[in-house]
Amino acid sequence: MQNEDQLKTTYYLKNTTACPVCGREFIREELLSGRGRLIAGKLTDELRRLYEPSKKYGKINPLKYPITVCPDCLYAVFHEDFEKIPEKNLDSAQSNADKRIQLVLQTFGPLDFDQPRDEKKGIASYFLALNCYSFMDKGVAPTVKKGICALRAAWMLGDLEAEEKKGNYGYIQNIMYRNAKHFYETSMSNIQTGQESLDGIKLGPDTDKNWGYEGFLYIVSILQFKMGFLEKDLEKRAKKYIVTKRVISKLFGTGKSSKSKPSMILDMAHDLYDKISQYIKEIEAELGKKLI
Ligand SMILES: [Zn+2]
């Protein structure tokens, strides 16, 4: 017989966390990942790690837990940044609390963050963090973190839509993908102008592995590729794809794999490069002219 303790997939930390915005103290739920609880499945083309349900523990989604959320004012960011909100922004973060509460209510109805995380609270935690990174200084790379939050929210909204099939989560998923593309692109231009740095930042994009700068460039490219259809003018669309090919080229570098540049991501980037090249050719054929 298994007792309840042995079948637990999360636990609560003994020490309390204090919210820097409203002062509320709470205990944080953490994932237990050992003893065969997490069975890694395949990696998607968006570098998302899928997990097989375990017979003993059921379905576990590690994406639900990395964002710490204050149960009262709903201030929320990645745990490692929770205390890093600058003092100058505390007042605005506090006066924004009503907006955060409304944001959650409108999408999911009331959610109690003192209780264990479910899928909806997991998604809401990323919505809230997307909002709260506006209060953070550039030292924590808030722009790319907004991108990561939007991307993970999009993944989880896709899961929820597949389960409930009501259409509304799919609609918000598209908005989150557009947000992800916007923030990843803005982050890339912030790096180029020296406004933000990704040094020492966990770039994920998933919780299982940090794919580093190459992973970052790959995500920018795949989001640009998948959302290319948003540009209705074919010639403009092809020109955007030409820019995306340049982003992927940066990723190739010498073309050799190394510890920081695993061969897997090079292979995925090559596939994407070929797909985009093919698509540009098709547009050129349709327009009857060369664009490069
Ligand atoms: Zn709070």
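List the lysines whose Cα sits under 23 Å from the Cα of Lys236, skipping any in the same chain fewer than 8 residues away.
Straight-distance partners of Lys236: Lys181, Lys226, Lys245, Lys250, Lys275, Lys281, Lys289, Lys290.
Within segment 61-94, whose backbone N sits under 15 Å from a point 7 Å along Cα→Cβ of Asp137?
81-90
Between segment 20-34 and segment 49-122, what is the C-alpha centre distance in whole Å?
For segment 20-34 versus segment 49-122, the Cα centre distance is 10 Å.
Taking amide H positions as placed 1.01 Å from N in the peptide plane, with prolines and chain starts having none, which residues 5 or more places from Ile67, or on another chain, fall under 5 Å of its amide H?
When sequence neighbours closer than 5 places are left aside, there are no close amide H contacts.
Length gain on complete extension for the stretch Gln102 to Lys290, per 0.36 nm per residue less the alpha carbon to alpha carbon distance? Please list the in-between numbers first.
Values: separation 188, 0.36 × 188 = 67.68 nm, distance 5.04 nm.
Here the answer is 62.6 nm.
Got a sec to turn the phi values of segment 157-162 into Karplus ³J(HN,Hα) couplings, 6.51 cos²θ - 1.76 cosθ + 1.60 with θ = phi - 60°, whole Hz, x for Gly and Pro?
5, x, 4, 5, 5, 4
Multiplying the sequence separation of Ser189 and Asn174 by 0.36 nm and subtracting their Cα-Cα distance, what value in nm do you get?
Details: separation 15, 0.36 × 15 = 5.40 nm, distance 2.29 nm.
So the chain would gain 3.1 nm between Ser189 and Asn174.
Please work out how much length the chain gains when fully extended from Thr10 to Lys56, using 0.36 nm per residue of separation minus the C-alpha to C-alpha distance, in nm with one decimal. Intermediate values should be presented prior to the final figure.
Values: separation 46, 0.36 × 46 = 16.56 nm, distance 1.42 nm.
Residue separation times 0.36 nm, minus the Cα-Cα distance, leaves 15.1 nm.
Leaving out same-chain residues fewer than 8 places away, which lysines sit with a Cα under 23 Å from that of Lys55?
Hits, sequence-local ones excluded: Lys8, Lys42, Lys64.
Rounded, prolate or oblate: which one fits segment 154-214, using the alpha carbon gyration tensor with axes a ≥ b ≥ c (rounded when a/c is under 1.5, else prolate when a/b beats b/c, else oblate)?
Taking the square roots of the gyration eigenvalues as a ≥ b ≥ c, segment 154-214 is oblate.
Could you tell me the accessible area of Lys56 in Å² (1.4 Å probe, neighbours in place), rounded to the nearest ten?
100 Å²
How much accessible surface does His182 have with a 1.4 Å probe, in Å² rounded to 10?
His182 has an accessible surface of roughly 100 Å² with all protein chains in place.
With the full set of protein chains in place, find how many percent of the accessible area of the chain is carbon and sulfur; take the probe as 1.4 Å.
Its accessible area is 50 percent carbon and sulfur atoms.
Please find the FRET efficiency linking Glu231 to Leu32, where r is the Cβ-Cβ separation and R0 is fixed at 51 Å, and quote it to the nearest 0.05. Please list the in-between numbers first.
Details: r = 45 Å, r/R0 = 0.88.
Rounded to the nearest 0.05, the efficiency is 0.70.
From the backbone phi of segment 131-140, what are the Karplus-calculated ³J(HN,Hα) couplings (6.51 cos²θ - 1.76 cosθ + 1.60, θ = phi - 60°) in whole Hz, Gly and Pro given as x?
6, 6, 5, 5, 8, 9, 6, 5, x, 9
For segment 209-221, in order, what is each residue's ³J(HN,Hα) by Karplus, 6.51 cos²θ - 1.76 cosθ + 1.60 with θ = phi - 60°, in whole Hz (x at glycine and Pro)?
7, 9, 7, x, 5, 5, x, 4, 5, 5, 5, 3, 5
Counting only helical runs of four or more DSSP H residues, what would the 222 nm mean residue ellipticity of the chain come to if each run contributes -39,500 (n - 2.57) and the total is spread over all its residues?
Numbers: 8 runs with 139 residues, N = 292.
It lands at -16000 deg cm²/dmol.
The values are calculated or read from the model by the stated rules, or taken from the named source; none is laboratory data. Everything numeric here is computed off the predicted structure, so don't read it as measured data. Please note: Cβ atoms are built from the backbone with ideal geometry, for glycine as well, and neighbour counts cover all protein chains shown. We work out accessible area using only protein heavy atoms, side chains counted, and drop any ligands, DNA or RNA first. Shrake-Rupley method; radii C 1.70, N 1.55, O 1.52, S 1.80 Å.
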